[in-house]
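Novice: What follows is a structure written as structure tokens; I'll ask about it next.
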Amino acid sequence: MNGNVRARDQGRIFMRIRRKENEMQKMPVYDSDFDGQRLIFHPTAVAHWLRKGVTAGPLYAEVDLINRCNCNCVFCGVDFRVNKGTKTVMETPLAARLVRGLAKLGCRAVMFSGDGEPLMNPDAGKIIKDASGVLGVSLTTNGTLLNDRNAGMLDGLRWLRFSINGYDRASYAAVHRCSPEMFDRAIGGVRAAVERKRKKRLPVTIGVQMTLLDMNAGGALELARVVRRIGADYFSVKPYSRHPKCLNRVRVSYNRYLGLGDELGRLDTDAFKTIFRAESFLKAGSRKPYTRCYGAGFMCFVASDGNVYQCNVFAGDRRFLIGNIRDTDIADIWKSERRRKVVAGIERMRMDGCRDICRMDACNRYLWRLKHPLAHDDFV
């Protein structure tokens, strides 16, 4: 009896492995594991950090093009600084100098974003197009300002992600706190991007991401179907992650939504994938298994006013400010004593004061294990 049970178990495991291998063969050209980390693909940079205790330069940078937004989302992670104070805009010459400097430091990729909507920057198209000739470039946008006239900025992108958090005009207006017609413009932006990709046979990966809230969860499947019909490459659902300084008081209990991933998965095809961020949902509210942040040293955030912060989560907090590219080259900022002190301060931080489900969480788990190996890690 026990032998038969073991044989059946082995058979199930074997079939599961074969199914996984078959899935890998059908995988799209992009990595759909949004909860994983990619430092393992940069062993030289990690080895330098292990040996020297510092990074030679950022592998990845986020660049803010403007501190204004045309929406006022109920869950906004930067509601304490977007549309606040003096309007600042990243100019084309400054962005070009920054990108060249990042490339010289060994940076591999940059994501253009915003403390608001990056396409509100009138120079966004040229900045993005020029940068794509130097580094790997991506863009996150709400899509309402993307249309046939400015879609040329897509031509050099590695990936483009739309943040759409309502499934129809009414729900979009409620979540984004804007006029209902903005939903039509957002969907129109996705459609314009997909049409340009098809027409020019671009390699850009186009996706739509929804932050799951009680007020939009009932329409996640409906939005996924719309996105699939348009021809996007994927639809992603992620949990809300509250910034420590957020003004909003959004609270979501995700236990009742964990089955949504299976429902979304039924929409998958060879050309379209749904990505339910199950690992992030399960991590929400849990304690971090490390006591130091090492991952922040591999990235940086550059605000539209030129300020450079070592940690994107705490942009605007002068404790994390390492310089300003308007008066200092990014290479000099990276090698400065100021940055060394900021990194040391980050590594001394208590993790319970950091953001839940931080972007660098998976990297930190990996780096912590490298610094603190377990007893049997030598048995590869």
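The values are calculated or read from the model by the stated rules, or taken from the named source; none is laboratory data. As the structure is a computational prediction, the values presented were derived from the model and not from experiment. Every residue, glycine as well, gets a Cβ built from its backbone with ideal geometry; the counts of neighbours run over all protein chains shown. Protein only, heavy atoms only, side chains kept; ligands, DNA and RNA dropped before computing areas. Shrake-Rupley method; radii C 1.70, N 1.55, O 1.52, S 1.80 Å.
Novice: Checking the condition basic (Lys, Arg), within 23 Å of Leu65 (Cα to Cα) and either in contact with an Asp or Glu (Cβ under 8 Å, 6 or more places away or on another chain) or assigned to a strand (DSSP E or B) (or both), which residue from Arg161, Arg185 passes?
Specialist: Working: Arg185 fails: either in contact with an Asp or Glu (Cβ under 8 Å, 6 or more places away or on another chain) or assigned to a strand (DSSP E or B) (or both).
Sole residue among the options that is basic (Lys, Arg), within 23 Å of Leu65 (Cα to Cα) and either in contact with an Asp or Glu (Cβ under 8 Å, 6 or more places away or on another chain) or assigned to a strand (DSSP E or B) (or both): Arg161.
Novice: Condition first: open to solvent by 20 Å² or more (accessible area, probe 1.4 Å), touching a strand residue (DSSP E or B) at 6+ places or on another chain (Cβ under 6 Å) and of a type in the set (Asp, Glu). Can you find one or more residues in region 272-288 that meet it? It would help to see each step written out before you state the result.
Specialist: Applying the first criterion (open to solvent by 20 Å² or more (accessible area, probe 1.4 Å)) to region 272-288 yields 273, 276-279, 282-288.
From what's left, touching a strand residue (DSSP E or B) at 6+ places or on another chain (Cβ under 6 Å): 273, 276-277, 284.
The next check asks that each one be of a type in the set (Asp, Glu); those that pass are none.
Scanning region 272-288 turns up no residue that is open to solvent by 20 Å² or more (accessible area, probe 1.4 Å), touching a strand residue (DSSP E or B) at 6+ places or on another chain (Cβ under 6 Å) and of a type in the set (Asp, Glu).
Novice: Sticking with this one: In the list Ser179, Ser163, Ser132, which residue meets the criterion of being modelled with pLDDT of 95 or more and in contact with a strand residue (DSSP E or B) (Cβ under 9 Å, 6 or more places away or on another chain)? Write out each step before concluding.
Specialist: Details: Ser179 fails: in contact with a strand residue (DSSP E or B) (Cβ under 9 Å, 6 or more places away or on another chain); Ser132 fails: in contact with a strand residue (DSSP E or B) (Cβ under 9 Å, 6 or more places away or on another chain).
Ser163 is the lone residue from the list that is modelled with pLDDT of 95 or more and in contact with a strand residue (DSSP E or B) (Cβ under 9 Å, 6 or more places away or on another chain).
Novice: Would you please name the residue that is farthest from Val74 (Cα to Cα), looking only at residues in region 120-157 that are part of a helix (DSSP H, G or I) and open to solvent by less than 20 Å² (accessible area, probe 1.4 Å)?
Specialist: Residues of region 120-157 part of a helix (DSSP H, G or I): 120, 124-131, 151-156.
Restricting the remaining residues to those that are open to solvent by less than 20 Å² (accessible area, probe 1.4 Å) gives 124, 127-128, 131, 151, 153-154.
On the way: Ala124: 25, Ile127: 29, Ile128: 28, Ala131: 32, Ala151: 28, Met153: 29, Leu154: 28 Å.
Looking at residues that are part of a helix (DSSP H, G or I) and open to solvent by less than 20 Å² (accessible area, probe 1.4 Å), I get Ala131.
Novice: Can you pull out every residue in region 97-119 that is open to solvent by less than 30 Å² (accessible area, probe 1.4 Å), modelled with pLDDT of 95 or more and either farther than 30 Å from Asn72 by Cβ or among the hydroxyl-bearing types (Ser, Thr, Tyr) (or both)?
Specialist: Hits for region 97-119 are Val99, Gly101, Leu102, Leu105, Cys107.
Novice: Does Cys300 satisfy the criteria of being in contact with a Cys (Cβ under 8 Å, 6 or more places away or on another chain) and either of a type outside the set (D, E, K, R) or within 30 Å of Ala45 (Cβ to Cβ) (or both)?
Specialist: For Cys300, the condition - in contact with a Cys (Cβ under 8 Å, 6 or more places away or on another chain) and either of a type outside the set (D, E, K, R) or within 30 Å of Ala45 (Cβ to Cβ) (or both) - is not met.
Novice: Shifting gears a bit: Would you please list the contacts, defined by Cβ atoms under 7 Å and residues six or more apart or on different chains, that run from a residue in region 242-265 that is in contact (Cβ under 8 Å) with a residue 60 or more places away in the chain to a residue that is open to solvent by 30 Å² or more (accessible area, probe 1.4 Å) and assigned to a helix (DSSP H, G or I)?
Specialist: Pro244/Gly353
Novice: For region 322-359, which residues satisfy the criterion of being crowded, with 20+ Cβ neighbours inside 10 Å, of a type outside the set (Val, Ile, Thr), at negative phi and modelled with pLDDT of 90 or more?
Specialist: Scanning region 322-359 gives Trp334, Arg339.
Matching residues to (1) more than 30 Å from Ala151 (Cβ to Cβ); (2) surrounded by 15 or more Cβ atoms within 10 Å (Cβ to Cβ):
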{"position": "Glu181", "(1), (2)": "no, no"}
{"position": "Glu195", "(1), (2)": "no, no"}
{"position": "Arg228", "(1), (2)": "no, yes"}
{"position": "Lys245", "(1), (2)": "yes, yes"}
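Novice: Turning to a different aspect of this structure: Restricting attention to region 47-96, which residues are modelled with pLDDT of 95 or more, part of a loop (DSSP other than H, G, I, E, B) and among the acidic types (Asp, Glu)?
Specialist: Glu91
Novice: Just for region 197-226: of the residues that are part of a loop (DSSP other than H, G, I, E, B) and not hydrophobic (A, V, I, L, M, F, W, C), which one is surrounded by the most Cβ atoms within 10 Å (Cβ to Cβ)?
Specialist: Applying the first criterion (part of a loop (DSSP other than H, G, I, E, B)) to region 197-226 yields 201-204, 213-216.
From what's left, not hydrophobic (A, V, I, L, M, F, W, C): 201, 203, 214, 216.
Working: Arg201: 6, Pro203: 13, Asp214: 14, Asn216: 24.
Only one residue fits best here, namely Asn216.
Novice: Please list, ordered by first then second residue, the pairs with beta carbon atoms under 6 Å, 6 or more apart or interchain, first in region 354-380 and within 15 Å of Met299 (Cβ to Cβ) and among the small types (Gly, Ala, Ser), second in a loop (DSSP other than H, G, I, E, B) and open to solvent by less than 50 Å² (accessible area, probe 1.4 Å).
Specialist: Short answer, once both residue conditions are applied: Ala362/Gly36; Ala362/Gln37.
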